[in-house]
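Every number here is computed from the coordinates shown, using simple stated rules; none is lab data. Please read all numbers here as calculations on a predicted model, not as lab measurements. Heads up, the Cβs are rebuilt from the backbone with ideal geometry, glycines too, and the neighbour counts pull from every protein chain shown.
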Amino acid sequence: MPRSPIVEAFRYNWADMLRVVGCSLMNVIPVVATIFGAAYAVQVSYGIGFSKSVYLWIPVVGNIVAVLVIPYVGNLSDRIGRRLPIIVGALGAGLLSFGYLYAISIHNVPFAIVMSILMWGIIYQGYNAIFPSFYPELFPTRSRVSAMAIGQNIGTTITALLPALFAYVAPPGSNNIPLTIGAITFGITIIAAVTAWSARENFRIKLSDLGEPNAVPIDKHSYDAMRAATMAETKKAIA
């Protein structure tokens, strides 16, 4: 009798499931940008006083920029691998969270918008554009969906609790809010970066070999030729 994919996921793929949990902590960046950042900027108790209508444009503009950036980052990951863009995106977005929160603290709306676009719309896409490929490539077909879904949902649930933590450690009236929340955010993105670094690089692994720890990648020359042929066929189909 075949085993349940969930049983197989925990039995054989628990380490990669933990990696998905760790990388999914990158959702701290949208939390900082849209939840805590919004509360910090517009709630009267924090004393910043951003207009709610103005602040709502920050996630809108960030998402518009992200839509433009994602295809380029995805294309880059097909050439250099998944891990490096995720690591750079994690550490870069974590560092930029200091600047974003500082811009809010000094009541500078244009600066806050620019930092939001850099942090969320551009640098964060090093992770956001790639995780839909990176996660499934860690697992074999039999348990792929279950293992990925369980790991990602655990990580996302953890980050969903962060606004409560942020409000506890940086309530209205507290000092050094950008430094406090920025440090927590950067610490979490370091965890995500280290987790991505610990994973296998799978962008040149055959589909049938995904999830196999000892799978041998396709040589770069053959991979580049296959990729070029696929891109040419895609362009021809679009035309």
- Message: Give the residue list of trypsin sites (Lys or Arg not before Pro) in segment 140-239 that are DSSP loop and have at most 11 other beta-carbon atoms within 10 angstrom.
- Response: none
- Kindly identify segment 126-239 as rounded, prolate or oblate by the Cα gyration tensor criterion: order the square roots of the eigenvalues as a ≥ b ≥ c, call it rounded if a/c is under 1.5, otherwise compare a/b with b/c, prolate if a/b is larger, else oblate. prolate
- Tail weight of P(r) past 26 Å, computed on alpha-carbon pairs of segment 22-148, percent: 28 percent
- Query: Counting Lys and Arg as +1 and Asp and Glu as -1, what is the net charge of the other residues whose Cβ lies under 14 Å from the Cβ of residue 213?
  - Reply: -3
- Message: Cut-off under 21 Å on the C-alpha distance; same-chain residues fewer than 8 positions from residue 236 excluded. Which lysines are left, in chain and number order?
- Response: none
- Folded to 0 to 90 degrees: helix 57-80 orientation relative to the chain principal axis, Cα: 30 degrees
- Message: For 137, 212, which order do you get if you count the other beta carbons within 10 Å of each Cβ and list the fewest first?
- Response: 212, 137
- What is the extension gain from residue 63 to residue 7, computed as 0.36 nm multiplied by their sequence separation minus the C-alpha to C-alpha distance, in nm to one decimal? 16.4 nm
- Computed helical MRE - 222 nm, the chain, DSSP H runs ≥ 4 contributing -39500 (n - 2.57), nearest 500: -20500 deg cm²/dmol
- Taking N as the residue count of the chain, its alpha carbon Rg divided by 2.2 N^0.38 Å gives 1.13
- May I ask you to sort 207, 138, 91 by Cβ crowding, counting other Cβ atoms within 10 Å and putting the fewest first? 207, 91, 138
